[in-house]
Every structure is written in structure tokens, then in C-alpha cells.
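Enquirer: What follows is a single structure, and I will ask about it in a moment.
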Ligand SMILES: Nc1ncnc2c1ncn2[C@@H]1O[C@H](COP(=O)(O)OP(=O)(O)O)[C@@H](O)[C@H]1O
Ligand SMILES: [Mg+2]
């Protein structure tokens with residue numbers, strides 16, 4: 001049985017549909033990412049899966065337990081790190097660990113053992129007596145992760161765990177996540193950082209309460225398999241963009257840094273017409289290059305299709 005099963009899960013706030021008939025499974029030991037911009041419905045979904053918010057309709061099981069029938073059973077079995085880490089600012093590092101250990105019903109000896117583990121894992125040895133509010137972002141984040149796994153849950157929910165944390169700490173954090181996953185822990189994580197998505201075994205792209213696409217990064221990039229993307233570098237990118245956009249072989253164009261990306265229509269590989277058009281306009285360009293679509297390209301494309309379909 002998958003670690004998490006979700007069927008037609010829906011949540012309304014009044015007349016507003018925050019999560020709209022979402023369905024997916026998360027396999028045991030998988031790192032499953034929920035990717036989407038602010039307001040997409042990521043936190044609302046995670047809170048329903050953690051037994052913190054009642055679904056309006058649909059079903060979900062976590063570790064085989066129905067989230068609506070037994071939310072307390074779910075809470076005991078999972079680790080949850082909320083979007084704003086729920087640490088106590090005025091407690092020291094070790095007091096937070098002891099407090100959360102007590103909350104999970106661990107006895108003294110187990111708390112002591114787990115405290116040593118968390119201090120080691122989070123790189124907080126020597127900072128046991130530091131007030132949590134005085135810790136830098138990366139340390140607080142790792143302490144929050146440590147407190148969420150004190151009871152050694154087999155399923156872990158992380159809601160934008162790296163928000164507002166510096167890049168080095170983000171990388172260290174993902175090493176910890178990879179390690180947990182290697183030990184068999186199932187990790188469900190939300191993010192709006194596209195680079196973090198590369199750590200996920202599978203991803204759901206969420207937009208306006210719906211799952212717009214789901215698969216591994218490689219599978220998601222397959223939506224571009226028949227469309228070649230050409231990178232064009234020229235001194236007048238905006239003029240080139242307008243000129244190339246009108247060509248019959250071109251599906252769309254978009255600025256990419258100081259260059260442009262030109263999506264050719266499905267099946268077309270010939271860049272001859274692009275060169276001809278630029279030559280006609282007297283716009284010199286460097287030799288064209290075919291480029292691999294990025295996850296950002298995928299995300300933009302999926303969102304554009306969703307918007308077109310719903311308007
Ligand atoms: N308690 C609530 N009452 C009313 N609207 C809410 C509530 N919680 C979330 N929403 C709305 O639901 C939508 C999805 O929110 P959320 O799940 O937090 O998105 P995300 O985590 O992807 O940024 C947003 O438009 C948000 O304003
Ligand atoms: Mg959120």
C-alpha cells in the first residue's frame with residue numbers, strides 16, 4: 001500500500017475552492033514534491049493530509065489511516081514541519097527538543113538519545129543553551145526538522161521548509177532530506193523553488209487548486225519532446241523576438257536572460273527560416289543552439305495551458 005493515497009480531495013473556504021479534486025499516491029520511501037506559486041493550495045492540501053484541516057470532500061489515507069476518520073492517529077505517525085516553523089522562540093535549543101519529545105510521548109531516556117541525534121544532525125552541538133530566537137535561519141530550520149522527527153516517523157510532511165533560508169543552508173537541508181529518504185522515510189515536501197524540485201523523485205505541479213501535471217522531472221520535460229527550443233543571441237533581442245514570433249514555424253518566443261528562446265512548432269527542427277528573417281531585418285545573431293527545456297519552461301507551459309483551458 002502506498003504511504004499516502006489521495007482521491008478527489010477538495011477543500012472550500014466559503015465559496016472559494018482552495019483545493020479542487022486532487023488525486024495522487026506517494027510511494028513508500030519516495031521524496032514527493034508539491035510545486036506551485038503562492039496561493040496554489042499546497043499548504044491547504046498538506047494540512048488536510050496531516051489531520052489538521054477537515055476535507056470538504058474526497059478521501060486521503062496516510063500510513064493506511066483515513067485522515068478524516070482518525071486525524072489523531074495520523075498525527076501520531078507523521079512528522080510535520082509547518083510553513084512557519086513552530087519552534088518556541090524563548091526556549092533554548094535543548095528545551096525545544098525536550099518539549100517536543102514530551103509532546104510525542106517519548107520517555108526521558110529516549111528523549112536524551114534523540115536530543116543527541118538532533119544536535120548532531122542539525123550541527124547544533126555547543127549551542128544547546130542558545131535561545132532559539134537567536135539562531136540564524138539555517139540552524140532554526142534544521143532544529144525544526146529535528147523536532148519534527150524526534151519520534152522517528154516514517155512519513156514526513158514539510159511545508160516550504162526552505163523559505164527565507166540562505167542557499168548554503170538550503171543545500172545542507174536537502175542533504176538531510178536525501179539521507180532520511182535513503183533510510184526509508186517517505187517525504188512529502190512543498191516548495192516554490194524550481195531548483196529544489198530536482199531532488200524530488202516525483203513532482204506534482206499545482207496551480208489554482210488543481211494538479212496541472214505529475215511525474216518525474218524527466219517525465220514532465222517530455223511535454224516538450226516534440227518541440228525544439230532554440231536559443232537566439234542577438235544585440236536587439238526585443239526586435240528579434242517580435243520578428244520571430246510571427247514566423248509560421250514558430251510556436252512562441254520568450255526572453256531568456258539576455259537571449260531569447262524560440263519554441264518551434266511540433267516536429268520542426270529547421271532553423272533556416274529564423275536565420276533568413278533575422279538577415280532580412282539586418283539583425284546579426286550568434287549561431288543558434290538547441291537547448292534543453294528547464295523545469296521552469298515546463299511550469300510556465302503547464303500554467304499557460306491551464307489558464308487557457310479555464311478561460
Ligand atoms: N483559512 C482560510 N480561509 C480562507 N481562505 C484560505 C484559508 N486558508 C487558505 N486560504 C486560501 O486558499 C488558497 C490556497 O492557500 P494555500 O493552501 O495556503 O496556498 P499555498 O500554500 O500554495 O501558497 C489561497 O487563496 C488562500 O488565500
Ligand atoms: Mg503555503
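The values are calculated or read from the model by the stated rules, or taken from the named source; none is laboratory data. All values reported here derive from a predicted model rather than from experimental measurement. Quick reminder, even Gly has a Cβ in these numbers, built from the backbone with ideal geometry, and neighbours come from all protein chains shown.
Enquirer: Considering each residue of the stretch 99-111, count those that are surrounded by 14 or more Cβ atoms within 10 Å (Cβ to Cβ) and under 12 Å from residue 151 (Cα atoms), and give that number.
Expert: Total meeting the criteria: 6.
Enquirer: Of all residues in the stretch 26-57, which are surrounded by fewer than 16 Cβ atoms within 10 Å (Cβ to Cβ) and more than 15 Å from ligand 2 (Cβ to nearest atom)?
Expert: 27, 28, 54, 56, 57
Here is a yes/no grid of residues against (1) modelled with pLDDT of 90 or more; (2) in the same structural domain as residue 202 (by TED's automatic domain parsing); (3) part of a helix (DSSP H, G or I); (4) in contact with a helix residue (DSSP H, G or I) (Cβ under 9 Å, 6 or more places away or on another chain):
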site	(1), (2), (3), (4)
231	yes, no, no, no
238	yes, no, yes, no
260	yes, no, no, yes
283	yes, no, no, yes
287	yes, no, no, no
297	no, no, yes, yes
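Yes or no, residue by residue, for (1) over 18 Å from residue 88 (Cα atoms); (2) loosely packed, with under 13 Cβ neighbours inside 10 Å; (3) assigned by TED's automatic domain parsing to the domain that holds residue 62:
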site	(1), (2), (3)
127	no, no, yes
134	no, yes, yes
157	yes, no, yes
176	yes, no, yes
179	yes, yes, yes
187	yes, no, yes
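Enquirer: Another question, if that's okay. Of the conditions (1) in a loop (DSSP other than H, G, I, E, B); (2) over 26 Å from residue 223 (Cα atoms), residue 278 satisfies every one except a single condition; which number is it?
Expert: Here residue 278 meets the rest and fails (1).
Enquirer: A further question follows. Assess whether residue 54 counts as being farther than 30 Å from residue 295 by Cα and modelled with pLDDT under 95. Don't jump to the end; show me each part of the working.
Expert: Numbers: farther than 30 Å from residue 295 by Cα: yes; modelled with pLDDT under 95: no.
So residue 54 does not fit the description; no.
Enquirer: Does residue 60 satisfy the condition of being touching a strand residue (DSSP E or B) at 6+ places or on another chain (Cβ under 8 Å) and within 16 Å of ligand 2 (Cβ to nearest atom)?
Expert: No: the conditions fail for residue 60.
Enquirer: Would you mention how many residues in the stretch 118-140 are out of contact with any helix residue (DSSP H, G or I) (no Cβ under 6 Å at 6 or more places or on another chain), more than 19 Å from residue 178 (Cα to Cα) and in a loop (DSSP other than H, G, I, E, B)?
Expert: Here the count works out to 4.
Enquirer: Quick one: which strands (runs of 3 or more DSSP E) sit completely within the stretch 149-221 and have at least 1 residues that are over 15 Å from the mean Cα position of the chain (by Cα), closer than 21 Å to residue 80 by Cβ and modelled with pLDDT of 95 or more?
Expert: 155-159
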